[in-house]
Amino acid sequence: MENSDIHSLAEFCLKLVEKENSEIKYTDIFFEKSNYINIEIEENSIKNSETGEDNGFSIRVINKNGSLGFSYSNKLDRTTIEKICKIAIKMMKVATPDPDFKKLPGSFKNYPAVKGLFDKNLKYLQIEDSVDYINDLIKICKDDEMAISQSGNFASGYSKIYIFNSNGLNVSRKDTSCLISSNIIVKDKISNETSSGYERQVERRLDKINAIKVANLALEDAKRNLYRKKIKNMKVPVLLTPKGTISLILRPIAAAVNAETFQYKRSFLVGKRGQKIGSKFLNIEDNGLIDGAPGSKIFDDEGVPCKNKKIIEKGNFLKTGLLHNSYTAGKDGVQSTGNATRSSYVSIPSIGITNFNMKPGEMLSEEIIKDIKEGIFLDYTGDSPNISTGDFSGLILHGNLISNGEIKDPLNETMIGINLLDLFHKIDAVSKDYRVYGAFQAPYVRISSVNIIGGAN
Amino acid sequence: MEISDELKEIDENLINQLNRIANDKAEFWDIRAKVNNGTTLDFINQKSKEISSFEINSCGIRAFKNGGWGFSVLKDLKRESIKIGLQKAIKLARLSESLTKIKFKIAQNRPLIDEYKSSRKKNLEEIDIHDKINLVKNHEKIAANYSTYVKNTHTIYMDGRSQNLYLNSFGSNIIQDLSFLRLFCIVFTNKNGATQSSVNSVAGIGGYEIAETEKAINLSKKTAKEAVELLDAISPIGGKLTVIADSKLTGTIIHEAFGHACEADLVLNNESVLEGMIGEKVASEDVSIIDNPSMGQGQQFNLPYELFGCYYIDDEGIPSQKTKIIENGILKNYLHNLETSSRMKVPPNGHGRASASSERPQVRMGFTYLEPKDWNLEDIIEDTKEGILCEDFQYGYTDPTTGNFQFKCRISFKIKDGEKKEIMRDVSLSGMILEALNKISAIGNQKTFNYSVGMCGKGGQHVRVCDGAPYIRIEDMTVGGLN
């Protein structure tokens, strides 16, 4: 489907709903076309090659009382489009009024310039040309004595979205991204103990992908988790790796500063705006404007320009530290922060992060570890905190003992419990080195003292 | 059966053309075409947040040659697109084949030509949208008015109908017409600044009658009641304890901690602790675990509809069937799709499932359950000197490679000298699956047996599943909490 066809279809929809129902105050239309390639390995051998494409659109209509109807399809013929528009109106008529719905965005004069979000090498990438990345993964696993298997993939995608609304907004953007992942299994040939390690890299440009590094990190991770021991209960410092920082600091804060969660009072940070919620080492921003970053966008999924927002500064949760779409912004009487997010054309805009970053510190992670006499190195837990209470208790899936400044035995059946506000206040060191995982930028973080429940009691 | 016009386009003539395209270039191919529509009603605090409706077509085409798979996902069901899609899939399969080191064949299967339609007493398409809206509004009202402690109510109603066409190079040509309904309630409560929540759902394969069962009618009240009760719950003390698990939690433990390790794709990839253990004792003798996603089991639970995790055929054209995973403590079978059964030289058992036509079938569970034995619930509690009774779960997961698992329970009660005592929240249980299956010290009887529904995630795909179990007691579990 060509650009001109999409513009004429959007115009057709906007005119149709205007004619069908005079009560409609706002309409927005979201078109998306996308394609992807994916090549997968299992048992350290290429298993599947895949390509796919999709085209679809959705329409949202809102009347003067704030009642909202929504409908979508991937059939783009005029007959279906007409039907989908009429269904959206029918849905609107049965929806409840919502006086909190204030408005959809108007058109914007200026959009920010962000570089490196579209790579034409990715748009036109043929699956045959991505085989080298996969072969790099396979080689690392094959050449290692302890590695017995690997699953993983290389995927790349291109999407173009178009947003139109009844306020005259008419924008489009092109995005590319690619991903490489590796999950390596290692086995001790004598004891038969096995363990796995996982690593991934997400980029907007193909030339940034480093498959060898990803596989090596997964291998290192797997080996660090072999010969696991159960430990006794203890109360010691915990060092979060970048992955640990994402699951215990960045993800929970991202969920808790989502204005929708906040307005429904389901966030443990309700009532804490303008207050100190952590130590001076806690500095967080949501920045959609970083060149080439996985979470960057020129505008959000309602067409509002993205920007850089400070969320927490030196432990202070800023009064302006919430992420909004146009609905929550209208309800709070502020401007949208450009954080409207749709998973694709099938969803109504919710709220999501762009690039959610914790500010790095002064010390290297090795120096922080050296300072710990007895402690826990926490890399990965499958649990997530309760966002409405901030309580966290979970199993350490990948973690090690730290003893006399060195990373030692990995842990079995070891659990950790803490309230997040307590955790934020107990941050006493943040590393200079950091990792970027998709939309998160995370350093190593030390928590001064945490309750650890071991399986050896 | 009335077949949608879009699927009618895929006729004998086209199938002949597809066979000519594949000819000797692919050893196996299959096509899954799906026509899908549905409605979502999402209410928060008695206001509609999303009232929506959709129509989506999708199609996935696979081709296979000597260990290499190719997969092509289309955006429409036009004849020309399908022909080009198959050509692409064949090209991709040949690329995979040229690079793969693991060579194998897909074992020939008897072709199946049939049509299946799930029964629906009240057709979803014929129910007025106002009636569906009123149903949700009513649930919201019941939850909101339950107590002054209720701060947030959230109800989601989802229904859908899909017509799926499955074709393969063995000559299978199957239509499966299913209709679903799912109702969710989430309630948040607050007392003295402390927030609690509970969530419950009802889901099944059938028509609008699913929403009119007693269980569905009581959904919002039950959820509100639990969220209010949790306000007075205390945090648990961590340590090693005896745990009595209800059918919902036990079913989830069986599914997460054990079922996934029986999926033959994980076994082949060296990711399962159960690799090479067929015929070995993996649990105490009282333990028998089955997976049976066959249709027709709803009536066993007095339901006027089918269990949510069930199907007539899987997404590779294999009929659903009963598979014994563990019999009296001995591991009997893994769960298979076409590929794993071909490679392990056993018959397929109908567990090749994909979340959508645009995804590749993986090995997935259907309705996994632990068979009941002879304990009364009262006797299990009375027989327990000190422990925790855990009901329902918030989430759970397992590392299949190490067997380490973790479950977060929703509602728990302290057990002291054979009596149920104070309520506790957020109890987490952890252990090693093979150890835990050997530490089961009591299995409840048929009266304590029940099932639960959910969506199970694996490799980015979510499929509908059910699990079932009686109450059980496990000794020596690691329990974690905030204190």
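The values are calculated or read from the model by the stated rules, or taken from the named source; none is laboratory data. Small disclaimer: the values here were computed from a predicted structure and weren't measured. In this analysis, Cβ positions are derived from the backbone assuming ideal geometry, glycine residues included, and neighbour counts consider all displayed protein chains. Remember, those area values only see protein heavy atoms, side chains included, never the ligands or the DNA or RNA. Shrake-Rupley method; radii C 1.70, N 1.55, O 1.52, S 1.80 Å.
Observations
- Extension gain for the segment B:Thr148 to B:Lys225, taken as residue separation times 0.36 nm less the Cα-Cα distance, is 26.5 nm to one decimal.
- Solvent-accessible area lost in complex, 10 Å² minimum, residues of the stretch B:367-411 relative to chain alone, 1.4 Å: B:Tyr395, B:Tyr397, B:Asp399, B:Thr401, B:Thr402, B:Asn404, B:Gln406, B:Lys408
- Ordering A:227-234, A:436-443, B:121-128, A:129-136 by mean Cβ neighbour count within 10 Å, with the highest value first, yields A:436-443, A:129-136, A:227-234, B:121-128.
- Taking the protein assembly as shown, the Cys residues with no second Cys beta-carbon under 4.7 angstrom are A:Cys13, A:Cys85, A:Cys141, A:Cys178, A:Cys306, B:Cys59, B:Cys185, B:Cys262, B:Cys310, B:Cys456, B:Cys466.
- Rolling a 1.4 Å probe over the protein heavy atoms gives the stretch A:192-320 an accessible area of 38 Å² per residue.
- DSSP loop GluC sites (Glu not before Pro) with at most 11 other Cβ within 10 Å: longest gap in chain A: A:146-361
- P(r) tail fraction, the protein assembly as shown - alpha-carbon pairs more than 46 Å apart, %: 25
- Cβ-placed point charges (K, R +1; D, E -1), dipole of the protein assembly as shown about Cα centre in debye, nearest 20: 2260
- In the protein assembly as shown, a dipole from Cβ-located charges (positive for Lys and Arg, negative for Asp and Glu) runs towards its positive end, and of A:Ser73, A:Ile348, A:Tyr111 it is A:Tyr111 whose Cα lies farthest in that direction.
- Greater than 24 Å apart at Cα, pairs in A:Lys86/B:Lys141; A:Lys223/B:Lys439; A:Lys243/A:Lys370; A:Lys232/A:Lys370; A:Lys310/B:Lys151; A:Lys93/B:Lys222: A:Lys86/B:Lys141; A:Lys223/B:Lys439; A:Lys310/B:Lys151; A:Lys93/B:Lys222
- Buried surface between chains A and B: roughly 6500 Å² of accessible area, summed over both sides, computed with a 1.4 Å probe on protein heavy atoms only.
- Mean partner shielding of peptide B:71-81, defined as the number of other chain Cβ atoms within 10 Å of each residue Cβ, is 4.
- Percent carbon-and-sulfur accessible area, chain A, ignoring ligands, DNA and RNA, probe 1.4 Å: 48
- Between B:Ser320, B:Ala436, A:Thr261, the Cα set farthest toward the positive side of the dipole of the protein assembly as shown (charges on each charged residue's Cβ, about the Cα centre) is that of A:Thr261.
- FRET efficiency, B:Gln46 to A:Lys310 (Cβ-Cβ, R0 35 Å, nearest 0.05): 0.50
- Averaged over the residues of peptide B:426-434, the number of Cβ atoms from other protein chains lying within 10 Å of each residue's Cβ is 4.
- Within-13-Å neighbourhood charge of A:Ser279 [Cβ basis; K, R +1; D, E -1]: +3
- Per residue accessible area of chain B, 1.4 Å probe, in Å²: 37
- Cα gyration tensor shape for the stretch B:1-74, rounded if a/c is under 1.5, else prolate or oblate: oblate
- Within a straight-line Cα-Cα reach of under 18 Å, B:Lys103 can be paired with the following lysines, leaving aside sequence neighbours fewer than 8 residues apart in one chain: A:Lys47, A:Lys142, B:Lys25, B:Lys65, B:Lys91, B:Lys345.
- Within the accessible area of chain B (1.4 Å probe), percent carbon and sulfur: 47
- Rg/Rh, computed from the Cα trace of the stretch A:55-174 with Rh as the Kirkwood radius, has the value 1.19.
- Square roots of five times the Cα gyration tensor eigenvalues for chain A, Å: 43, 29, 18
- At least 40 Å² of accessible area lost relative to the chain alone, listed for the stretch B:439-483 with a 1.4 Å probe: B:Thr478, B:Leu482
- For the stretch A:153-219, the Kirkwood hydrodynamic radius from C-alpha pairs, put into Stokes-Einstein at 10 °C and a viscosity of 1.306 mPa s, yields a diffusion coefficient of 107 µm² per second.
- Delta accessible area of at least 50 Å² on complex formation, residues of the stretch A:67-93, 1.4 Å probe, chain isolated as reference: A:Tyr72, A:Asn74, A:Lys75, A:Met91
- For A:Val238, neighbours were defined as the other residues whose beta-carbon sits under 14 Å from its Cβ, and their charges (Lys and Arg +1, Asp and Glu -1) total 0.
- Extension gain, A:Lys408 back to A:Asp428 (0.36 nm per residue minus Cα-Cα distance, nm): 5.0 nm
- Taking a straight line from the alpha carbon of B:Lys122, these lysines sit under 19 Å away, with near neighbours fewer than eight places off in the same chain left out: B:Lys132, B:Lys215.
- Placing unit charges on the Cβ atoms only, positive for Lys and Arg and negative for Asp and Glu, gives the stretch B:5-232 a dipole magnitude near 860 debye about its Cα centre.
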